[in-house]
Every structure is written in structure tokens, then in C-alpha cells.
Amino acid sequence: MRRLRRFSITNKSDLIYAKIEISHYISDRHQKELYAFAVMELGSNILKHSQSNGEIWLLERQGLVALAVCDRGKGIGNIELACQKGYSTYEQSSLGIGLSALSAIDGYMFSIVSSTKKEIHGTVVFFGPNVPKDQTEWLSLSFDENYNGDFTLRKGRLFAFGDVAGHGLKASTTVAAITTFFERHCHSILMINDFFNSLHRYIIDTNLRCCDLVIGAVDAALVTFSGIGNISAWKLVDEKFYHYPLRSGSIGAHYSKPLTVEFDLTATSSLILTSDGVLKEKFNLLNTKMFIDEPVAALCATLYFCGSLSDDASIIHITHKGIV
């Protein structure tokens, strides 16, 4: 999943502009009308309930467009009640049909994550077509919209999750080089120390940027991963986070032996990896249940509420294959 566009919503004109721009990404007439309705209904809630402090993200998920509508309002205390037809907390006249109508559309996913905490308050709504579910979901928000130093790669059961130092063209060039190196030389998690050593020498020899990196292998009920640098591994078990910081250092600079971890997945557990653009102190305040109940919306909410304003922020979420 990736973000295509970001729209700040501060007034009705912003909302209309977002609706028009988003329509350019959709060719089907019925879908255009549907997304226009979703943008206006969900965007209006930003203006009504969060003092015009919110954003609409246009996302691409498995080749199809979706929306994440984010705000920093008071939050929704009872999501089930808020989705009932005719219910509204808006002081002025309101029909209260937006959420209920969107939640009832066949073939579309409608997920809400909301918090009323003092430290983190607001709401994130995800709306998009139902797609075949994936055991691994990933989202990145780049600090520089044209370049991103964070990356995720997949090759069979192997994945890479990394953060190249800095931003801009050289960071993006380094990501491209690491991508090629991963595709050509990473074949097994059993030989991962040799791969890290080879990549370390390659980055130095080619004068590329150093990077923090995790390489992992995903089976139906087991994740094995190994990594170096300022990337956090969060084990979610029975609604509680357990933090596994990687060993210090970075590939291409101050190299150290990678930390290797095996993690059994169950119906009530998952593995979450975050780049250093996701602030750890805020991440710990998140509601863990959202990663089990609404995992796609949870990724959006994590980056919206916990993302740094001065760095790329990325998250990867891996769940048990049977409950994705």
C-alpha cells in the first residue's frame, strides 16, 4: 500500500479540490460518484468535528485506489453507534447518514480507528475496495514527496524493510541499488550474515548512503528476521506490545552483527516493524486492538498519529496467515 496524494482539509474549498483531484485517478463513472460521495461525507466530518484539522490521503492498495481520512478531533467514543443511520453529534442540523451509508456498500472495506485519549485523539477512516487479503501489509509516508529513503521489498517468502540515511536523490538512488542487490543475492535467511556482510562492503565500495535494514522470512505461522540499526520490532501478543530494538550500527557505516529473532504467529499476535520516523513514545500509546480488528486502518492511524514531521515514516505489519 502506498500514498499517492495528500490533501490538507481546512475549509470547504480544500474539500472540493480534493474531490476533483481524486476523480482523475478513477475511470469508472460509478466509482467516480462513489468516491466523490465518500470524500464529501468523510471530509465534511473533518470540518464539523475537528476544527478543520485533518487530511485526506489517496492510497493505492493492490493496484486499486482507496481513501484514508484522518483528523485530530475529539475522537469517536462509540464507533458502532456513530455508524447507525440518523445518529449525529453535530450541533447543527445533520442527517447522520454518511458513515452508515459508506459502511453498507457491498464490495468495499470500511474501517474506523479512533482514540479519545488526551495524548492521542482523533479518527482515521479507511475506505476502499475489498481485495484478496495479504499476510503482510506495508505503508510509507515520505518526508520528501519525490524521494523516499524508506523501502520494503518482497521476494517469495523473503522481505526487506529498510531506512536509508537522509533524504533526496542520493537516498533514492541508494534504495534502487539495494533493491537490485537484494533481488540478486538474498536467497535464504540461513545465510543472512553473509548477505549483510556483502551488502556492507558493496555500499562502501560504491559510495552509497548507509542504511538500517531488516531481512525476514514469513511462513504461515512463523516469522524469522534479522537486522541492524534504528528500526523497531514490536511483538503484539494478547493486546500488549513487546519492544525488540535492533542492535546499534548501520550497514555501510558502523557495522555490527545483526540481531536475529524467531516469532511464532497466532490468531492474537502479530509482528510490527517501524522505521525511526515512527516515534516510539507515541507508538506505545496506541490501542493495540486496532492491529487485530482493523489492521489496514491501523497502519494509516499509526503513521498519522505517530509519524515524525522531519523524517520518512514507515510501518510493516505481519499477521498469521489464517486470520489476515
Exercise. Mind listing whichever residues of region 218-250 are more than 13 Å from residue 264 (Cα to Cα) and of a type in the set (S, T, N, Q)?
Key: 226, 230, 232, 248, 250
Exercise. Filter region 281-315 down to the residues that are out of contact with any helix residue (DSSP H, G or I) (no Cβ under 7 Å at 6 or more places or on another chain) and assigned to a strand (DSSP E or B), then identify the one that is surrounded by the fewest Cβ atoms within 10 Å (Cβ to Cβ).
Key: 307
Exercise. Give 262, 239, 183 a once-over and let me know the one that is modelled with pLDDT of 95 or more and either within 23 Å of the chain's Cα centre (by Cα) or surrounded by fewer than 19 Cβ atoms within 10 Å (Cβ to Cβ) (or both).
Key: 183
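Residue by residue, here is whether (1) under 23 Å from residue 318 (Cβ atoms); (2) in the same structural domain as residue 149 (by TED's automatic domain parsing); (3) of a type outside the set (Asp, Glu) holds:
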| residue | (1), (2), (3) |
| --- | --- |
| 182 | yes, yes, yes |
| 188 | yes, yes, yes |
| 218 | yes, yes, yes |
| 223 | yes, yes, yes |
| 232 | yes, yes, yes |
| 239 | yes, yes, no |
| 256 | no, yes, yes |
| 263 | yes, yes, yes |
Quiz prompt | Residue check, residue 255 of a type in the set (Phe, Trp, Tyr) and under 22 Å from residue 223 (Cα atoms) | solution = no
Quiz item: When you go through (1) modelled with pLDDT under 95; (2) touching an Asp or Glu at 6+ places or on another chain (Cβ under 8 Å) one by one for residue 66, which number turns out not to apply?
Solution: (1)
Exercise. Could you list all residues from region 19-52 that are in contact (Cβ under 8 Å) with a residue 40 or more places away in the chain and over 16 Å from residue 102 (Cα atoms)?
Key: 22, 25, 48, 49, 50, 52
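The values are calculated or read from the model by the stated rules, or taken from the named source; none is laboratory data. It should be emphasised that the depicted structure is a prediction, and the values quoted were computed from it without experimental measurement. Because the Cβ atoms are built from the backbone with ideal geometry, glycine has one as well, and the counts that use them run over all protein chains shown.
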